[in-house]
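First up is the structure itself, then whatever we jot down about it.
The values are calculated or read from the model by the stated rules, or taken from the named source; none is laboratory data. Source: prediction; values computed, not measured. Note that we place each Cβ from the backbone using ideal geometry, even for glycine, and neighbour counts take in every protein chain shown. Accessible surface is based on the protein model in full, side chains and every heavy atom, while ligands, DNA and RNA are left aside. Shrake-Rupley method; radii C 1.70, N 1.55, O 1.52, S 1.80 Å.
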Amino acid sequence: MIKKIGVFTSGGDAPGMNACIRAVVRTALYNNLAVCGIMRGYQGIIDNEFMEMNSRSVSNILQRGGTILKTARSKEFMTTEGMEKAKKNLIANKIDALVAIGGDGTFRGMTAFASIFPGIKVIGVPGTIDNDLSGTDYTLGFDTAVNTVIDAVDKIRDTADSHHRLFFIEVMGRDSGCIALWSGVAGGAEAVLLPEKNATIDELIALLQLGAKQKKTSSIVIVAEGEHHGGAQEIAKQVKERFDFYDTRVTVLGHIQRGGSPTAFDRVLGTRLGVKAVELLIEGESHKMVGFSSNKYSLTEFSKATKNQSPLDEDLLQMRNILRI
């Protein structure tokens, strides 16, 4: 039987993490469990940065972006010595269960930690804007990130149309094209370049030429940062050398996609997953990620959540081809 839960956020921050922290804390207290927050992820466990939390500790955070527990990437936790320190601190603070909010790296770290400390129970919550984990339809922060991109695309299209311009807009997604694909469809982009699909420059130019023949006054191309040609700057350079119908510009949206107040969807998702994570720990589940798939909760072993990267939505891929001209 667990008596005390620790909650932490790790890896890249994502809107909705605070909603999840709030849900974990208040659900633990509702079930008469002690709960503490761990600052700065795995590094905070090593450095003994624990703080007891009560209901008021998570007041007025539902609407805030980022994470009140902060986050960090810990090289020390990747070592046996670092994990041993973490184990000793968890025992000293009488923590017998964890809620780990993060992405691929977070769950890989917890899988490795299980070999050092098999007795600790842990449930993971998918918190990453990339939406690239198997076992859940959506990850915390993805919806907010897409809406941030769409807001930018809408504004850029106004100026693109006014000046007869071609804009290459780079979005986050080193290994996953989810943000690019969703924002491309929702923003009406003429083309979307994804890490998972090896489109050629020739194909892109042919598409843009077709738009020019149809008297399009502007064009938007969404580029995922991990696209194999080297990102928006390099692609724009290659296109400009061979296609000068439009005045060409590049916008790299960068880290604005991580910040900002979470959407209602991410607030509800974070709340649902936070509540369920505590309930699963009470039920005895461990070393699994709780997700939300086909409108119901799902449980996925960490190894499967991280190894089987979530595929792109085939319907959206087909819609991209149908609607772009």
Expressed in nanometres to one decimal, the distance between label points 7 Å along Cα→Cβ at Lys94 and Ile61 is 2.2 nm
Rounded to 0.05, the calculated FRET efficiency for the beta carbons of Lys240 and Lys4 at R₀ = 51 Å is 0.30
Sorted by chain and number, the residues with a modelled amide H under 5 Å from that of Leu166, at a separation of 5 or more or across chains, are Ser219, Asp247, Thr248, Arg249
Any DSSP H helix in the chain with Cα axial reach of 27 Å or more and mean Kyte-Doolittle score of at least -0.5? Listed by number, the hits are 142-163, 264-283
Protection proxy (average C-beta count within 10 Å per residue), highest first, orders 2-11, 244-253 as 2-11, 244-253
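Under the classification rounded if a/c is under 1.5, otherwise prolate if a/b is larger than b/c and oblate if not, where does region 179-219 fall, given a ≥ b ≥ c as square roots of the Cα gyration tensor eigenvalues? Provide the component values of the computation, followed by the final result.
Details: a/c = 4.08, a/b = 1.30, b/c = 3.15.
Note, shape of region 179-219 comes out oblate.
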For region 216-275, the Kirkwood Rh over every pair of distinct alpha carbons, in Å, works out to 14.7 Å
From the cross-link list Lys94/Lys288; Lys4/Lys307; Lys155/Lys237; Lys75/Lys304; Lys70/Lys94, the entries with a Cα-Cα span beyond 25 Å are Lys4/Lys307
In whole angstrom, the spacing between the Cα centers of region 141-217 and region 8-83 equals 35 Å
Amide H contacts under 5 Å for Asp132, restricted to residues at least 5 apart in sequence or on another chain and with H modeled in the peptide plane, are none
Taking a ≥ b ≥ c as the square roots of the Cα gyration tensor eigenvalues, with a/c under 1.5 meaning rounded and otherwise prolate when a/b beats b/c or oblate if not, region 19-144 comes out oblate
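At a 1.4 Å probe, what is the % contribution of carbon and sulfur to the accessible area of the chain?
On the way: 7020 of 14300 Å².
Carbon and sulfur together cover 49 percent of it.
How much length is gained on full extension from Lys197 to Met51, taking 0.36 nm per residue of separation minus their Cα-Cα distance? Could you put the intermediate results ahead of the total?
Details: separation 146, 0.36 × 146 = 52.56 nm, distance 4.53 nm.
Length gained, Lys197 through Met51: 48.0 nm.
Starting from the Cα gyration tensor of the chain, take the square roots of the eigenvalues, sort them a ≥ b ≥ c, and report rounded, prolate or oblate (rounded when a/c is under 1.5, otherwise prolate if a/b is larger than b/c, else oblate). Write out the running numbers ahead of the final one.
Working: a/c = 2.54, a/b = 2.30, b/c = 1.11.
Here the chain falls in the prolate category.
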Per the helix-only model, the chain has a calculated mean residue ellipticity at 222 nm (DSSP H runs of ≥4, -39500 (n - 2.57) each, divided over all residues, rounded to the nearest 500) of -13000 deg cm²/dmol
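Probe of 1.4 angstrom, ligands and nucleic acids ignored: what's the accessible area per residue over the chain, in square angstrom? Please list the in-between numbers first.
Working: 14300 Å² over 325 residues.
Per residue, the chain has an accessible area of 44 Å².
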